[in-house]
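Below is one structure, written out as C-alpha cells; the observations come after it.
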Amino acid sequence: MSTTQQTTVPTAGRTGSTPPQAPAGCAAADAERFVHELYAEHGTALLTYAARRLDNDWHRAQDLVQETAVRAWRRGPSHPLSADGIRPWLFRVLRNLVIDEHRARAVRPDVPHQLDDVVVPVGDGTDRVLTAQVVREALTDLTEQQREVLHGMYFRGHSVNHVSHLLGIPPGTVKSRTFYAIRALKRALGARGVLS
C-alpha cells in the first residue's frame, strides 16, 4: 500500500492526536512495513467495525480504515502495534472518522444516480414525420371540399372570411364545412389508431 495515496475523508480534528507529522527518519520502506503490520494485526477488526457503522458500505469503511492507518503512521511509534498498545487509539480515531462521515452525509446526503433508468428523449423528428404521414393518409378519407377548407383554415392559417373569399362560398358554409371536416378527420385518425 502506498503512503502517497490521497484520501478525501472529512475530518473535524476529533481524533485527539496532534497535527499529523511523519516520524523522524522514517523511510518509505519503514512506512510500508508499519502499515502492513498494522493491517495484519488490526485491519480486520477495524474494517468490520467501520462497515457495521456505515451500513455495510465496505468501500467507505476501507477508506476510513486507510485514513486511520495513515494517522497512526504519522503519529509515530508512541504505542506498540500490539492489541493492547495501539488498538484503543485506532478505534477512537476510526470512531471519530465514522462520526464525521455520518455528519457529512447528513449535510450532503447521497442521492443515487440511476442513469440506466433515465430515458432521454432524442429530438430526431421521427415522431413528427410519422404523424404527418398518418394525417396525410387520414385526409384522403375526407371529401375534396372538406380538404380545401381545412387546408385554408389550418395549414395556411387564413381567417374564415379569407377562406370564404378564396373559395367563393359564404362564411357560414366555411364554418359548417370546417366543423364536419374536423369531425371526419378525427374519425379517420381514430381508425388509424392515432386518436381514441
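Could you tally the net charge around VAL163, taking each other residue with its Cβ under 10 Å from the Cβ of VAL163, Lys/Arg +1 and Asp/Glu -1?
Working: positive: ARG156, LYS175, ARG177; negative: GLU148.
My count for the surroundings of VAL163 gives +2.
Counting only heavy atoms of the protein chains and using a 1.4 Å probe, ILE182 has close to 50 Å² of accessible surface.
One equal scatterer on each Cα of region 121-175, no solvent, Debye formula: the resulting log10 I(q)/I(0) at q = 0.12, 0.17, 0.21 Å⁻¹ is -0.38, -0.62, -0.78. In this structure, the amide hydrogen of LEU142, modeled 1.01 Å from its nitrogen in the peptide plane, lies closer than 5 angstrom to no residue at least 5 positions away or on a different chain. Accessible area ranking (1.4 Å probe, heavy atoms, ligands and nucleic acids excluded), largest first, for LEU195, LEU94: LEU195, LEU94. On a per residue basis, the convex hull of the C-alpha atoms belonging to region 26-76 measures out at 64 Å³. Given the protein chains as shown and a 1.4 Å probe, how many square angstrom of HIS158 are accessible, to the nearest 10? Looks like 60 Å² after rounding. Summarising the label geometry, the points placed 7 Å from Cα in the beta-carbon direction at TYR180 and GLN62 lie 7.8 nm from one another. Evaluating kT/(6 pi eta Rh) at 4 °C and 1.567 mPa s, with the Kirkwood radius of region 149-196 over Cα pairs in the Stokes-Einstein relation, gives 115 µm² s⁻¹. Ranking THR68, THR173, THR44 by solvent-accessible area of protein heavy atoms (1.4 Å probe, all protein chains present), from largest to smallest, gives THR44, THR173, THR68.
The values are calculated or read from the model by the stated rules, or taken from the named source; none is laboratory data. As the structure is a prediction and not an experimental result, all values here were calculated from the model. Cβ coordinates were reconstructed from backbone atoms using ideal geometry, including for glycine residues, and neighbour counts include every protein chain displayed. Areas reflect the complete protein model, heavy atoms only, side chains present, ligands, DNA and RNA absent. Shrake-Rupley method; radii C 1.70, N 1.55, O 1.52, S 1.80 Å.
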